[in-house]
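Remarks on the structure that follows.
The values are calculated or read from the model by the stated rules, or taken from the named source; none is laboratory data. Predicted model, so just to flag it, every value in this text is computed and none were measured. Note: ideal-geometry Cβ built from the backbone for every residue, glycine included; neighbour counts use all protein chains shown.
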Amino acid sequence: MSSIAENKAVVAEMDAIGNGSGDLSRLDALCAVDLINHALAPDRPQGIEGTRQFLVAARRNEHPGRWTESIVVAEGDIVVQFGRRELHWPGGPFRGFDLATGTCTRDVAFAYRLRDSRITERWAIRDDLAMIRQLGTGR
């Protein structure tokens with residue numbers, strides 16, 4: 001079993017990738033082969049490949065996200081990061097809405113289960129309504 005400090009370090013590196021400042025090639029080292037990413041859209045493949053596809057499609061190198069407030073709590077094999085994130089939306093469809101281009105903030109919680117210093121499960125709980133209300137429609 002990995003230590004809490006090791007698990008938090010893995011999640012911090014995964015967070016850097018999600019923010020656009022990390023090394024996407026490290027995904028295979030950070031995640032278990034049988035990763036279950038509960039936050040992926042139904043049309044994406046499960047596991048590392050679907051997670052990689054999401055991160056590439058999000059274009060974080062062009063549209064980075066960042067925490068404006070963040071707290072990380074860990075116990076055993078679970079790490080949870082909660083706070084407020086700022087992101088730039090490039091415009092376009094989101095959950096049935098055509099959103100305008102812009103920057104918004106929303107509350108987010110990411111939860112991770114780890115085994116042997118690798119992420120085995122990931123959840124994302126986001127206040128999408130706050131994002132929709134801030135950006136409005138692109139029409």
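Would you please list the contacts, defined by Cβ atoms under 9 Å and residues six or more apart or on different chains, that run from a residue in the stretch 70-82 that is farther than 15 Å from residue 119 by Cα to a residue that is surrounded by fewer than 12 Cβ atoms within 10 Å (Cβ to Cβ)? Correct list of pairs: 82/69; 82/71. Scanning the stretch 1-35 for residues that are closer than 23 Å to residue 61 by Cβ and among the charged types (D, E, K, R) yields 13, 15, 23, 26, 28. Checking residue 38 against (1) without any contact (Cβ under 8 Å) to a residue 60 or more places away in the chain; (2) loosely packed, with under 13 Cβ neighbours inside 10 Å; (3) not acidic (Asp, Glu), which single condition isn't satisfied? Result: residue 38 passes all but (1).
Residues of the stretch 41-75 that are of a type in the set (S, T, N, Q) and surrounded by fewer than 16 Cβ atoms within 10 Å (Cβ to Cβ): 46, 53, 61, 68, 70.
Residues that are within 19 Å of residue 17 (Cα to Cα): find the strands (runs of 3 or more DSSP E) completely inside the stretch 62-139 holding 2 or more of those. Steps first, please.
Numbers: elements: 66-75, 78-89, 92-94, 97-99, 102-115, 118-126.
Filter on the stretch 62-139 gives 66-75, 78-89, 102-115, 118-126.
Looking at residue 79, is it more than 12 Å from the chain's Cα centre (by Cα), surrounded by 15 or more Cβ atoms within 10 Å (Cβ to Cβ) and β-branched (Val, Ile, Thr)? Step through it out loud before you land on a result.
Numbers: more than 12 Å from the chain's Cα centre (by Cα): yes; surrounded by 15 or more Cβ atoms within 10 Å (Cβ to Cβ): yes; β-branched (Val, Ile, Thr): yes.
Yes, satisfied.
When residue 11 is tested against (1) within 19 Å of residue 74 (Cα to Cα); (2) out of contact with any Phe, Trp or Tyr (no Cβ under 7 Å at 6 or more places or on another chain); (3) β-branched (Val, Ile, Thr), exactly one condition is not met: (2). Any residue at all in the stretch 89-98 that's surrounded by 14 or more Cβ atoms within 10 Å (Cβ to Cβ), within 22 Å of residue 135 (Cα to Cα) and touching a Lys or Arg at 6+ places or on another chain (Cβ under 7 Å)? Within the stretch 89-98, none of the residues are surrounded by 14 or more Cβ atoms within 10 Å (Cβ to Cβ), within 22 Å of residue 135 (Cα to Cα) and touching a Lys or Arg at 6+ places or on another chain (Cβ under 7 Å). Restricting attention to the stretch 22-60, and to residues there that are within 13 Å of the chain's Cα centre (by Cα) and part of a loop (DSSP other than H, G, I, E, B), which single residue is modelled with the highest pLDDT? The qualifying residue modelled with the highest pLDDT is 38. Quick check on residue 49: is it over 22 Å from residue 129 (Cβ atoms) and among the charged types (D, E, K, R)? Here the answer is yes, as residue 49 does meet what is asked. Of the residues making up the stretch 1-21, those that are surrounded by fewer than 17 Cβ atoms within 10 Å (Cβ to Cβ), modelled with pLDDT under 90 and of a type outside the set (Ser, Thr, Tyr) are 1, 19.
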